[in-house]
1. Rounded to the nearest 500, what is the 222 nm mean residue ellipticity of the chain from helices alone, with -39500 (n - 2.57) per DSSP H run of 4+ residues and division by all residues?
2. Helix 93-106 versus the longest principal axis of the chain: what is the Cα-based angle in degrees, 0 to 90, to the nearest 10?
3. How high is the relative contact order of the range 21-216, in percent, with contacts defined as C-alpha pairs under 8 Å that are six or more residues apart?
4. Using the Kirkwood radius built from alpha carbon pairs, what does the Stokes-Einstein equation give as D for the range 173-306 at 4 °C and 1.567 mPa s, in µm² per second?
5. Going from the alpha-carbon gyration tensor of the range 21-216, what semi-axes, largest first and in whole Å, does one get by taking the root of 5 times each eigenvalue?
6. Could you tell me whether the range 360-430 comes out rounded, prolate or oblate from its Cα gyration tensor? Rule is a ≥ b ≥ c as square roots of the eigenvalues, rounded for a/c under 1.5, then prolate if a/b exceeds b/c, otherwise oblate.
7. Work out Dmax and Rg for the range 308-399 from the C-alpha atoms and quote the Rg first, both in angstrom.
8. Does anyone have the angle between helix 232-244 and the longest principal axis of the chain? Alpha-carbon axes, 0 to 90°, nearest 10?
Ligand code: S3P
């Protein structure tokens, strides 16, 4: 699908955000592991969360939906069965990496496969610790999917220091750890998103700058009874759009603002963005939720360093768009992980910005972006590379173009935000 973007004079309105993809996928996977039925409100219709439901269905969970709620009857930790040994994780790195931990712990023979993009994403990072836990995983060359998981050795609990600040890797090891008699410990020195710990109620010990998170068979897996909050990663597109267009104002009544997720909020405020955060509360679960309001603002440049990266990882492409309109030079460093997302996002966003006429310098682990608040972006043809966040970031950049831009493979947005294009239409026409 090709989307044409005609730059509006302003952008205004209220957006009901899609529900959080990270939390939704976890709620489905953890509901599979619970002995008690789970009731999840506001489960999103996006592609990745749908994949999570299909996968747990293949492993024996019963999923029924009614109105805005789904009911999941899990199998419990020891009841997981598999009717067909191949499970399709679609485009979802979270599903593949978290499910690998569950399958490895349960010790059932399963092959995890994915689409073309997922089949290019590195899995060695999970294969290594799972091998230490007694699990054999055969992968395609270079540690790529599909992953053929077999456990013929005894389960071994481990103490594992994360070599990369990745919530998917952390969660994979902790989920496998749930099947061990002895505790498995994961040590992180830079905190990545903490949804797994929070939703499973895992013990977290603070040791100086480090978190030590433990899991074992002693952890009773709670049913997942929650209302999934709005996705902060989706909100970030509108926070940037509302900032960079004159005379604009966007309200998002319900956005998840878990501190391990929303560094972009602080980065944008540091840049001078006019963002109000109201009514922080915990809606039907442990996750903090806020109403966000953004208005047009003059942006200053920002430097983003490695310690802020994990908590802004998915928002970096659209933060690069904001930087293109800042009054000076911005730098992102320590963001090499962006090369391993649904596309190489450092390359992808550089190309989007350059096609629009923005000067960008690429580094091994980051970008330098030359901003200009008055700049008109060159109308261009952008390709999403089948990456949802690149499709949506290119759209936000195109709102400031000197003519109509086009985005091909725009349907990729549905991976996390199926309503993105209608929402953009409604904001530009009100
Ligand atoms: C996610 C963690 C992040 C993020 C991804 C979702 C999760 O990946 O980029 O979109 O749900 O745990 P990494 O943990 O690999 O950084």
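No lab work stands behind these numbers, since they all come straight from the coordinates. Since we're looking at a predicted model, the values are computed, not measured. In this analysis, Cβ positions are derived from the backbone assuming ideal geometry, glycine residues included, and neighbour counts consider all displayed protein chains.
1. Only helices count here, giving -8500 deg cm²/dmol.
2. So the inclination is approximately 10 degrees.
3. That works out to 16 percent.
4. The calculation lands on 77 µm²/s.
5. 23, 20, 17
6. Because a/c hits 1.5 or more and a/b fails to exceed b/c, the range 360-430 counts as oblate.
7. When restricted to Cα atoms, the range 308-399 yields Rg and Dmax of 11.9, 33 Å.
8. Helix 232-244 sits roughly 10 degrees off the main axis of the chain.
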